[in-house]
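Peer 1: Here it is: the structure, laid out below.
The values are calculated or read from the model by the stated rules, or taken from the named source; none is laboratory data. Here the structure is a predicted model, which is why all the values come from computation and not from measurement. Methodologically, a virtual Cβ is constructed for each residue, glycine included, from the backbone with ideal geometry; neighbour enumeration extends over all protein chains shown.
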């Protein structure tokens with residue numbers, strides 16, 4: 001006996017095509033097209049974070065009896081501005097990582113605040129009395145002060161300078177490019 005199994009018949013009639021078209025149309029209507037899913041942007045990190053600061057030391061014009069050095073602080077792009085005021089403290093001068101035994105004191109107006117951010121570099125002055133034997137250095141590490149919140153650590157500026165007893169550090173001001 002030869003038995004054949006019947007194959008199911010496919011419906012290709014009008015009703016089958018209409019049902020398929022209805023499913024496609026419903027999917028097109030219900031599917032969101034071009035919908036933006038907005039998520040709140042993360043706030044930009046503060047410029048007043050040591051890892052967001054680039055600092056350089058350059059010689060500045062001398063005055064009567066003093067050598068001057070300008071330290072310029074530049075904030076990383078994409079950081080949020082913050083406020084800095086007064087003279088940076090805890091200065092440590094070094095030559096190739098070896099500290100120099102020089103104490104620096106603040107001088108000048110300490111309460112004036114300035115904005116520091118990617119579009120607003122700031123600077124401060126290091127004033128060193130002329131003397132017979134200044135100590136050579138190529139970096140200075142300081143802690144800036146923020147009236148809004150504590151500056152969370154020191155910043156290191158690189159560049160040639162000579163320091164000696166009586167060294168003074170001026171307050172942070174807006175950077176005035178030469």
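Peer 1: Those residues that are more than 17 Å from the chain's Cα centre (by Cα) and closer than 11 Å to residue 88 by Cβ, I need them from the stretch 143-178; list them, please.
Peer 2: Scanning the stretch 143-178 gives 169, 170, 171, 172.
Peer 1: Also, I was wondering about something else. Looking at residue 24, is it assigned to a loop (DSSP other than H, G, I, E, B), modelled with pLDDT under 95 and out of contact with any helix residue (DSSP H, G or I) (no Cβ under 8 Å at 6 or more places or on another chain)? First the steps, then the outcome.
Peer 2: Details: assigned to a loop (DSSP other than H, G, I, E, B): no; modelled with pLDDT under 95: yes; out of contact with any helix residue (DSSP H, G or I) (no Cβ under 8 Å at 6 or more places or on another chain): yes.
The answer is no for residue 24.
Peer 1: Given the condition within 17 Å of the chain's Cα centre (by Cα) and touching a residue at least 60 places away in the same chain (Cβ under 8 Å), answer yes or no: does some residue in the stretch 85-96 qualify?
Peer 2: Residues of the stretch 85-96 within 17 Å of the chain's Cα centre (by Cα): none.
Within the stretch 85-96, not a single residue is within 17 Å of the chain's Cα centre (by Cα) and touching a residue at least 60 places away in the same chain (Cβ under 8 Å).
Peer 1: Filter the stretch 166-178 for residues that are loosely packed, with under 13 Cβ neighbours inside 10 Å and touching a strand residue (DSSP E or B) at 6+ places or on another chain (Cβ under 8 Å); which is nearest to residue 66 (Cα to Cα)?
Peer 2: Restricting to residues being loosely packed, with under 13 Cβ neighbours inside 10 Å and touching a strand residue (DSSP E or B) at 6+ places or on another chain (Cβ under 8 Å), the top hit is 176.
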